[in-house]
Amino acid sequence: MASQTAMLLLPLFSLSLFAMASAGNLNRDLQITWGDGRAKILNGGELLTLSLDKASGSGFQSTHEYLFGKIDMQIKLVPGNSAGTVTAYYLSSQGPTHDEIDFEFLGNLSGDPYTLHTNVFTQGKGNREMQFKLWFDPTLDFHGYSVLWTSQHIVFMVDGTPIREFKNLESRGVPFPRSQAMRIYSSLWNADDWATRGGLIKTDWSNAPFTASYRNFNADACVWVAGKSSCTAGKLAGGGVSWMDYRMDLESRKRMEWVKRNHMIYNYCTDLKRFPHGLPPECALA
């Protein structure tokens, strides 16, 4: 029944307000930061690949830092037996009280669905994990993974479909990331001590090198330079930034609830064993 529902709903997902933007130049927008040649920008800046072998993984970061924005990337994940590998794509500030918004793709045995792990850190504290099984094979083609981050909420999206919303509940005592600029990072690395079935399935290095591919990065966002934002208060208040005023409508909420109902496999807000003295406050308020 779930698969039939997916077939009915997925065509609607492509009609999202947030279709993927046209390709940027990855040579301009992204910087390879580690991997000793395992990360490559190809095709004149249209494609980036990260690779992992037994000696090392690889990674990149965005040229700019941002304070609020709509961040889009299309990713094709490691195909075949990717057990033990993690492809991380996230925003993060620096320091012990950093903020962070995470997509992490946990590798699998051939034929198993990928696990999408999401998390939100505020002031150095995370523990807000939600996990999903993707409703498509993310290794066959590129799919869009987006973060909408405003002063009011954070929305995680897959191919334009909202899968998770983290609201600003500061008025109720819940910290929210809104004062630290964040850079985009991505890495492909070995985490076979925990990534696949809790570490039971180890990385098969005979399948190396493992490779993930990236394209169509777009940051419709407020660039943070020398302690100042490129988005002035007047521009934000005047409606000059369309994503800043985004609110989830009824259709978007229906899509998000469909994903949660059919594809969510872990929600920290229902884990009473983990929080025996009471769930985090946002669980009751969201």
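The values are calculated or read from the model by the stated rules, or taken from the named source; none is laboratory data. Remember, predicted model here, so these are calculated numbers, not experimental data. Glycine also receives a Cβ, built like all others from the backbone with ideal geometry; neighbour counts cover every protein chain displayed. What goes into the accessible areas is simple: the full protein's heavy atoms, side chains included, and nothing from ligands, DNA or RNA. Shrake-Rupley method; radii C 1.70, N 1.55, O 1.52, S 1.80 Å.
Among the residues of segment 148-165, those identified as of a type in the set (Ser, Thr, Tyr) and open to solvent by less than 30 Å² (accessible area, probe 1.4 Å) are THR150, THR161. Within segment 251-260, is even one residue open to solvent by 30 Å² or more (accessible area, probe 1.4 Å), within 30 Å of ALA83 (Cβ to Cβ), touching a strand residue (DSSP E or B) at 6+ places or on another chain (Cβ under 9 Å) and at pLDDT 95 or above? Yes - at least one qualifying residue is present in segment 251-260. Return only the number of the condition from (1) touching a helix residue (DSSP H, G or I) at 6+ places or on another chain (Cβ under 8 Å); (2) modelled with pLDDT under 85 that THR232 does not satisfy. Every condition holds for THR232 apart from (1). Contact map, segment 272-286: first residue among the acidic types (Asp, Glu), second residue open to solvent by less than 70 Å² (accessible area, probe 1.4 Å), Cβ cut-off under 6 Å, separation 6 or more or different chains; pairs are GLU282/LEU169; GLU282/VAL174.
A quick yes/no check of all residues on (1) touching a strand residue (DSSP E or B) at 6+ places or on another chain (Cβ under 8 Å); (2) farther than 20 Å from LYS167 by Cβ; (3) of a type in the set (Gly, Ala, Ser):
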site: GLY80; (1), (2), (3): no, yes, yes
site: THR87; (1), (2), (3): yes, yes, no
site: HIS98; (1), (2), (3): yes, yes, no
site: PHE105; (1), (2), (3): yes, yes, no
site: GLN123; (1), (2), (3): no, no, no
site: GLY126; (1), (2), (3): yes, no, yes
site: GLN131; (1), (2), (3): yes, no, no
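Flag: TYR246 does not match the condition of being open to solvent by less than 30 Å² (accessible area, probe 1.4 Å) and at pLDDT 90 or above. Taking into account only those residues within segment 81-97 that are under 14 Å from the mean Cα position of the chain (by Cα) and of a type in the set (Val, Ile, Thr), which is surrounded by the fewest Cβ atoms within 10 Å (Cβ to Cβ)? Among those that are under 14 Å from the mean Cα position of the chain (by Cα) and of a type in the set (Val, Ile, Thr), it is VAL86.
Of the set (1) at pLDDT 95 or above; (2) surrounded by fewer than 20 Cβ atoms within 10 Å (Cβ to Cβ), all apply to LEU12 but (1). Here GLU104, GLU100 are screened, and the one residue that is open to solvent by 10 Å² or more (accessible area, probe 1.4 Å) and without any contact (Cβ under 8 Å) to a residue 60 or more places away in the chain is GLU104. Scan segment 134-147 and tell me whether some residue there is open to solvent by less than 20 Å² (accessible area, probe 1.4 Å) and over 21 Å from LYS260 (Cα atoms). No, every residue in segment 134-147 fails to be open to solvent by less than 20 Å² (accessible area, probe 1.4 Å) and over 21 Å from LYS260 (Cα atoms). Of the residues making up segment 74-100, just one is over 25 Å from GLU46 (Cα atoms) and part of a strand (DSSP E or B), namely GLU100. Which members of segment 166-191 meet the condition of being open to solvent by 30 Å² or more (accessible area, probe 1.4 Å) and either under 26 Å from PHE136 (Cβ atoms) or of a type in the set (Gly, Ala, Ser) (or both)? SER171, GLY173, SER179, TYR185, TRP189, ASN190 - these are the residues of segment 166-191 that are open to solvent by 30 Å² or more (accessible area, probe 1.4 Å) and either under 26 Å from PHE136 (Cβ atoms) or of a type in the set (Gly, Ala, Ser) (or both). Only one entry in ARG261, ARG215, ARG164 is among the basic types (Lys, Arg), under 24 Å from ASN108 (Cβ atoms) and without any contact (Cβ under 8 Å) to a residue 12 or more places away in the chain, namely ARG261.
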